[in-house]
1. Kindly check whether there is at least one residue in segment 173-181 that is part of a strand (DSSP E or B), touching a residue at least 12 places away in the same chain (Cβ under 8 Å) and open to solvent by less than 50 Å² (accessible area, probe 1.4 Å).
2. Among the residues of segment 7-53, write down those that are in contact with a helix residue (DSSP H, G or I) (Cβ under 9 Å, 6 or more places away or on another chain), within 27 Å of Arg191 (Cα to Cα) and open to solvent by less than 50 Å² (accessible area, probe 1.4 Å).
3. Among the residues in segment 196-206, are any free of Cβ contacts under 8 Å to residues at least 24 places away in the same chain, within 26 Å of Ala19 (Cα to Cα), open to solvent by 60 Å² or more (accessible area, probe 1.4 Å) and not basic (Lys, Arg)?
4. Scan (1) closer than 30 Å to Gly170 by Cβ; (2) among the aliphatic types (A, V, I, L, M); (3) open to solvent by 30 Å² or more (accessible area, probe 1.4 Å) for the single condition Ala104 breaks and write down its number.
5. Can you pull out every residue in segment 119-137 that is of a type in the set (D, E, K, R) and either within 13 Å of Leu219 (Cβ to Cβ) or open to solvent by 60 Å² or more (accessible area, probe 1.4 Å) (or both)?
Amino acid sequence: MPSPPVGPGPRTRVRRLAAKARYDESLIYSILDEAHFCHVAALVQDRAVTLPTLHARDGDVIYLHGSPSNAVMNALVDSGEGYLCATLFDGLRLARSGFESSIAYRSVVVVGSTRDVVAADEKAHVLDLFVERVLVGRSKEVRPASDRELRLTKVVAITIDEASAKVSEGPTEDSAADQELPIWAGLIPARVTFGVPRPYLNGAMASGAVSLPESVVNLLSST
């Protein structure tokens, strides 16, 4: 059975190319979880500002983090409402016309209520979530955050009130006349790949072989 819808809501309803809209929770969450970063928007001194940042999801809450002096993070808390989006680039959708050529993508727009995370135990939990978002399994390989690091990190929680996804996939929408043209059309898939790890020792690149931690080994074996 499909998961319950998160939208559409008045602020996230897809109007342009509405056939590409998706509102089911499982798809929206999967895109957020797969995306390596998001963009969050806020009004800072009456000016619209967009910030690329890491994010971590726990249930229907998305966490962001930054410096306590970060103007966007502070504006999110002050306004009580947050807007963010995340996009996955899945490849090139090449049509027989420039007008119909595009990219394959999955994107999400989220609107939710914000709060400042101040409890030390919740903040420590969230920072572990961020470590896991960077690399699964890494949180058990690194030392825990210190009290100083917790004080120097601002964590903002955005509880999802409404959200929508937009998915562009499949054949391009060539007209019947264009279908007859001798022009190549199709999909060129894209994916993120990782290169050879470069270990560092004492602030410099290691010259000899260094064994890899389990988290890195698992990452490389899965790509």
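The values are calculated or read from the model by the stated rules, or taken from the named source; none is laboratory data. Since the structure is predicted, the reported quantities are computational estimates derived from the model, not experimental observations. Cβ atoms come from the backbone with ideal geometry, glycine included; neighbour counts cover every protein chain shown. Quick note on the areas: whole protein, heavy atoms, side chains included, nothing else; ligands and nucleic acids left out. Shrake-Rupley method; radii C 1.70, N 1.55, O 1.52, S 1.80 Å.
1. No.
2. Val14, Cys38, Val40, Ala41, Leu51, Thr53
3. Scanning segment 196-206, I find no residue that is free of Cβ contacts under 8 Å to residues at least 24 places away in the same chain, within 26 Å of Ala19 (Cα to Cα), open to solvent by 60 Å² or more (accessible area, probe 1.4 Å) and not basic (Lys, Arg), so the answer is no.
4. (3)
5. Asp121, Asp128, Glu132, Arg133 - these are the residues of segment 119-137 that are of a type in the set (D, E, K, R) and either within 13 Å of Leu219 (Cβ to Cβ) or open to solvent by 60 Å² or more (accessible area, probe 1.4 Å) (or both).
Every residue, every condition in (1) basic (Lys, Arg); (2) farther than 24 Å from Glu25 by Cα; (3) touching a residue at least 12 places away in the same chain (Cβ under 8 Å), yes or no:
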position: Asp60; (1), (2), (3): no, no, yes
position: Tyr63; (1), (2), (3): no, no, yes
position: Gly66; (1), (2), (3): no, yes, yes
position: Met73; (1), (2), (3): no, yes, yes
position: Leu76; (1), (2), (3): no, no, yes
position: Glu81; (1), (2), (3): no, no, yes
position: Phe89; (1), (2), (3): no, no, yes
position: Gly98; (1), (2), (3): no, yes, no
